[in-house]
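Notes for the one structure printed next.
Rule-based calculations on the coordinates, nothing more; no lab input. Keep in mind that what you see is a predicted model, and the values were worked out from it rather than measured. Every residue, glycine among them, receives a Cβ derived from its backbone with ideal geometry; neighbour counts consider all protein chains shown.
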Amino acid sequence: MSQRVFWVAIAVLSILTLAAGCGDDDSPSGPGDGGGTGTPAISSILPPGASSGIQITISGSNFGSAQGTGKVEVAGEEATVDAWSDTEIKCTIPAGLSESLGASVALTTGSGQSSSSQMDITPPNTYKVTSDHPMDHYPCWSPGADWIYFSSTRSGGANWDIYRIPATGGVAERVTYDDAPDFYPDMNLSSGELAWSSKMRHINNSDLD
């Protein structure tokens, strides 16, 4: 079964890519790591793939309350830090990185360096939303563009269900639970109502409800 992931173009999502958390941290900085204790640990990177110039969010622990001498390196290049706290860092992917899978992401503070995590470097002006082995197809936007609805086989077997995922990636939530294949989600951007095609009344033939 082939793998399909979502790519989102910056031209479409200019309101999302850099809107959150831009600006310098006003906390005092010094030779240490801003007061953190223990080795920094990365628990997640969202979105899971991005091109140069796109902001990512690194979550974890022991980052320190201020950047101080801390830094983030993506594929060996230092990223521009936009905001820094003890559990979350927002930074911009360095310019000039080539497309690649599993690029290293390393965080260094006055208390040491985190274990290297990974993310994908995507084509220019895009970022990755899903990163799974099941097939993900037919995306549509929610009102406000904060969620993406899509059809996927991730519920198991060849059955398709409707899911939604935050627009910058994360944990997908299942929306439909029937035994019939569900396809082509489409949302009314005014009312927030969701429609989709389904075989729930005609499982044994090719008609779609």
### Task
Name the long-range amide H neighbours of A83: under 5 Å, sequence gap of 5 or more, or other chain; modelled H, no Pro or chain starts.
K90
### Per-residue Cβ neighbour rank within 10 angstrom, fewest leading, M135, M119
M135, M119
### Summary
Summing +1 per Lys or Arg and -1 per Asp or Glu among the other residues with Cβ less than 12 Å from V105's Cβ gives -3
#### Entry: Selection from P143, L189, V81 lying farthest towards where the dipole of segment 69-192 points positive, charges on Cβ
V81
### Query
So how do R164, R174 line up by other beta-carbon neighbours within 10 Å, fewest first?
R174, R164
### Task
Using a/c under 1.5 as the rounded threshold, could you call segment 129-198 rounded, prolate or oblate? The axes a ≥ b ≥ c are square roots of the C-alpha gyration tensor eigenvalues, and prolate needs a/b larger than b/c, oblate otherwise.
oblate
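Quick one: order S190, S115 by neighbouring beta-carbon count within 10 Å, fewest to most.
S190, S115
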### Query
Can you list residues whose amide H is under 5 Å from I54's amide H, if they're 5+ apart or on another chain and H is modeled 1.01 Å from N?
I93
### Message
Between segment 154-179 and segment 99-148, how far is it from one alpha carbon centroid to the other, in angstrom?
### Response
18 Å
### Query
For segment 149-159, in order, what is each residue's ³J(HN,Hα) by Karplus, 6.51 cos²θ - 1.76 cosθ + 1.60 with θ = phi - 60°, in whole Hz (x at glycine and Pro)?
9, 7, 9, 8, 9, 5, 6, x, x, 9, 6
### Message
How big is the dipole moment of segment 129-198 about its Cα centre under a simple scheme where the beta carbon of each Lys and Arg is +1, that of each Asp and Glu is -1, and everything else is neutral? Debye, nearest 20, please.
### Response
140 debye
### Query
Where a Cα-Cα gap under 16 Å defines reach, which lysines qualify for K71, not counting those fewer than 8 residues away within the same chain?
K90
### Query
Which residues' amide hydrogens lie under 5 Å from the amide hydrogen of S155, considering only partners 5 or more residues apart or on another chain, with H built in the peptide plane?
D161
